[in-house]
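Peer 1: The structure that follows is given in the form of structure tokens.
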Amino acid sequence: MTEYAEIEERHSSGGVARRPVVLVRGEGARLFDQEGREYLDLGGAHGWASLGHSHPAIVRAIAEQSARLIMQLESSYNDQRALWFADLAAVLREHLGQTDRGAITRIHPCNSGAEAVEAALKFARKATGRTKFVALLGGFHGRTLGALSATGTEQYRKPFEPLVPGFTHVAPDDVAALRAAVTEETAAVVLEIIQGEAGVRPLSAEFLRAARRRCDETGALLIIDEIQTGLGRTGRWFACEHFDLAPDVVVLGKALGGGIPMGAAAWREGLGKFDPGTHGSTFGGNPLACAASRAALRVIREESLPQKAAELGTWAMEELRSIDSPVVEEVRGRGLMIGIALKQPVTPILKELMSRGVWAIPAGRQVLRLLPPLTISRDDLERGLEIVKDVLEERR
Ligand SMILES: Cc1ncc(COP(=O)(O)O)c(C=O)c1O
């Protein structure tokens, strides 16, 4: 082990298992370790690196803003924050439309996906006066206690129980169970359109329609977690758009800050807002993150990244479906959010890919997940997929 790895092992909390490699640099779709060895990043650093590593527009925005003002709380106004609110609200209005509750214009800025989920849950209680939530088995919403309570996987929940009371979990695509679980006491239904951590599992159009309808019947809010699927990943700005689904609340994170930690919970104007003093965050909406996020939103638009994800994703999925290997069960996903379900554990395959210079990630024990930067070139993706194909075809 290198010196850096030894130090990290001595001091880390233990909550995150590490790969035996010291990454020191990133450029576009490439990562470099201490020895200068190159990895093609098909994991997109668990989905935050939609713009790749150190995109020049992000580097510039950070450099310029850090020389002006790095940090200022939401307790005063700020030029970058104001412009970021306006930019993000415009994207949300354009892509998630208008309902009888108005457009999605109210935004709580924070520092991570889990914090965005926390804010959404608190806001749903405040807006409805109700306390209960319905979420999905297999759903993943973060590791803080509220977000973990919405998360539907035993392995993450069990060691930390008791969690926040009032959460019920139903099986994805079980319309009858959802209808029974959501009542006049439900503050909100929380779900991902494609369950990422659960193995890149898309929900059915019928289930999503039923969720919207049941929320309308009971007065519950529909919170859509677009932390992993949002901002172009699935081939549209938001995965909701594939289904014409109008959420009441949407939560964002990962790609939102272009690599600077940032999350956001956003909701429709007609739902109201928090009372002063009841919610906030020291670093939430800091000028540095806002400047980086404005640059990220601009790049996503100017480089047509959602469209690129759709095109590359369709092609990539076809390539992967042509793999001739008895260990592959199914290739699924949308855009550049791809899961290859295997009939054997994924860890040895990830190791083999690493040894051949490809960085991919797992989703559960038996799914190989690909979330490449949306900026990746077709040549790089082709080369990476060729290696994935070889590794899978060699396994019997
Ligand atoms: C769908 C979804 N929601 C929430 C989270 C939590 O985000 P964070 O790790 O930034 O707290 C994640 C992280 O993987 C996620 O994929």
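The values are calculated or read from the model by the stated rules, or taken from the named source; none is laboratory data. Fair warning: this is a prediction, and the values are worked out from it, not measured in the lab. Every residue, glycine among them, receives a Cβ derived from its backbone with ideal geometry; neighbour counts consider all protein chains shown. Just the protein is used for accessible areas: all its heavy atoms, side chains included, with ligands, DNA and RNA removed. Shrake-Rupley method; radii C 1.70, N 1.55, O 1.52, S 1.80 Å.
Peer 1: Which pairs do you get when a residue that is open to solvent by less than 40 Å² (accessible area, probe 1.4 Å), found in the range 370-396, comes within reach of a residue that is among the basic types (Lys, Arg) and not in a helix (DSSP H, G or I), reach meaning Cβ atoms under 6 angstrom, with the pair 6+ apart or on two chains?
Peer 2: Ile387/Arg356
Peer 1: Scan the range 286-293 and give yes if some residue there is out of contact with any Ser or Thr (no Cβ under 8 Å at 6 or more places or on another chain), open to solvent by 40 Å² or more (accessible area, probe 1.4 Å) and not small (Gly, Ala, Ser), otherwise no.
Peer 2: No, that holds for no residue.
Peer 1: Let me ask you something else. Restricting the search to the range 179-200, which residues are within 15 Å of the ligand (Cβ to nearest atom) and touching a Lys or Arg at 6+ places or on another chain (Cβ under 7 Å)?
Peer 2: Passing the criteria: Ile194, Gln195, Val200.
Peer 1: What is the residue count in the range 215-241 for residues that are over 18 Å from Leu203 (Cβ atoms) and touching a His at 6+ places or on another chain (Cβ under 9 Å)?
Peer 2: The number of residues fulfilling the criteria is 1.
Peer 1: Moving to a separate point now. Going through Thr282, Thr278 one at a time, which residue ends up being touching a Leu at 6+ places or on another chain (Cβ under 9 Å), of a type outside the set (Phe, Trp, Tyr), assigned by TED's automatic domain parsing to the domain that holds Ala135 and surrounded by fewer than 17 Cβ atoms within 10 Å (Cβ to Cβ)?
Peer 2: Details: Thr278 fails: touching a Leu at 6+ places or on another chain (Cβ under 9 Å).
Answer to the check: Thr282.
Peer 1: I would also like to ask the following. So is Ser76 free of Cβ contacts under 8 Å to residues at least 12 places away in the same chain, within 16 Å of the ligand (Cβ to nearest atom) and loosely packed, with under 14 Cβ neighbours inside 10 Å or not?
Peer 2: Spelling it out, it is not the case that Ser76 is free of Cβ contacts under 8 Å to residues at least 12 places away in the same chain, within 16 Å of the ligand (Cβ to nearest atom) and loosely packed, with under 14 Cβ neighbours inside 10 Å.
Peer 1: Which count do you get for residues in the range 340-382 that are farther than 17 Å from Glu311 by Cα and not in a loop (DSSP other than H, G, I, E, B)? Don't jump to the end; show me each part of the working.
Peer 2: Here is the first cut: in the range 340-382, the residues farther than 17 Å from Glu311 by Cα are 340-369.
After this cut, where a residue has to be not in a loop (DSSP other than H, G, I, E, B) as well, the list is 340-342, 347-355, 358-359, 361-362, 367-369.
The total comes to 19.
Peer 1: Next question. Run Leu163 past the list (1) within 19 Å of Ala119 (Cα to Cα); (2) open to solvent by less than 50 Å² (accessible area, probe 1.4 Å); (3) within 15 Å of the ligand (Cβ to nearest atom); (4) part of a loop (DSSP other than H, G, I, E, B) and report the number of the one that doesn't hold.
Peer 2: Checking Leu163 against (1) within 19 Å of Ala119 (Cα to Cα); (2) open to solvent by less than 50 Å² (accessible area, probe 1.4 Å); (3) within 15 Å of the ligand (Cβ to nearest atom); (4) part of a loop (DSSP other than H, G, I, E, B), the one that fails is (3).
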